[in-house]
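Peer 1: Mind having a look at this structure? Questions to follow.
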Amino acid sequence: MGLINLDLMDLRAIVDKDGEATMLVGTGRPDDPESILQSAMMAPLSALDVGGASACLIQVEGGLGMTIGQVDAVANIFTEALDADAQVILGARVSEDLEDTIRVVTLLAGIQPSD
């Protein structure tokens, strides 16, 4: 069940940014957004420095008990290292199979390659 739906136009808006892009996937307990971020940063699909990224699409998925406050906390921790003017698009959905767990899929773009 979608709370905040994402579509292909949202994806296109993010991937059209200049620079490198990567995707991060993290899971953790709803009351510990820091651990979800750490989980995502442990296994990036590309070894890029994501600080300063200019665009971010975040899909937050949790169980029936997930609150908008928890979605907000996760989104805030995932976006705090981005460029101050970064475009952020947020999606959220409820999945009954994610009891006491939040899964986050994040696409970051506009990452400047390190020299």
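The values are calculated or read from the model by the stated rules, or taken from the named source; none is laboratory data. Values in this document were obtained by computation on a predicted structure and should not be read as measured data. Here the Cβ positions follow ideal geometry from the backbone for every residue, glycine too, while neighbour counts run over all protein chains shown.
Peer 1: Among the listed residues Ser35, Ser54, Ser114, Ser95, which satisfies the condition of being out of contact with any strand residue (DSSP E or B) (no Cβ under 7 Å at 6 or more places or on another chain) and either in contact (Cβ under 8 Å) with a residue 24 or more places away in the chain or not hydrophobic (A, V, I, L, M, F, W, C) (or both)?
Peer 2: Answer to the selection: Ser114.
Peer 1: From the residues in segment 76-115 that are in contact with a helix residue (DSSP H, G or I) (Cβ under 9 Å, 6 or more places away or on another chain) and of a type in the set (Gly, Ala, Ser), which one is farthest from Thr22 (Cα to Cα)?
Peer 2: Here the answer is Ala92.
Peer 1: Quick test of your reading of the structure: Leu48 fulfils all but one of (1) buried (at least 17 other Cβ atoms within 10 Å of the Cβ); (2) at pLDDT 90 or above; (3) out of contact with any helix residue (DSSP H, G or I) (no Cβ under 8 Å at 6 or more places or on another chain). Name the failing condition by number.
Peer 2: Single failed check for Leu48: (2).
Peer 1: May I pose another question? Can you list the strands (runs of 3 or more DSSP E) found entirely within segment 17-101 that contain at least 1 residues being touching a Gly at 6+ places or on another chain (Cβ under 9 Å) and within 15 Å of Ile4 (Cα to Cα)?
Peer 2: Strands (runs of 3 or more DSSP E) meeting the threshold: 55-62, 87-94.
Peer 1: A further question follows. Assess whether Val105 counts as being β-branched (Val, Ile, Thr), part of a helix (DSSP H, G or I), surrounded by 15 or more Cβ atoms within 10 Å (Cβ to Cβ) and in contact (Cβ under 8 Å) with a residue 60 or more places away in the chain.
Peer 2: no
Peer 1: Sticking with this one: Of everything in segment 69-85, what is more than 14 Å from Asp31 (Cα to Cα) and surrounded by fewer than 18 Cβ atoms within 10 Å (Cβ to Cβ)? Give them in sequence order.
Peer 2: Thr79, Glu80, Ala81, Asp83, Ala84, Asp85 - these are the residues of segment 69-85 that are more than 14 Å from Asp31 (Cα to Cα) and surrounded by fewer than 18 Cβ atoms within 10 Å (Cβ to Cβ).
Peer 1: Continuing with the same structure: On the given criteria, is Asp115 at pLDDT below 90, surrounded by fewer than 19 Cβ atoms within 10 Å (Cβ to Cβ) and either at positive phi or among the acidic types (Asp, Glu) (or both)?
Peer 2: It is true that Asp115 is at pLDDT below 90, surrounded by fewer than 19 Cβ atoms within 10 Å (Cβ to Cβ) and either at positive phi or among the acidic types (Asp, Glu) (or both).
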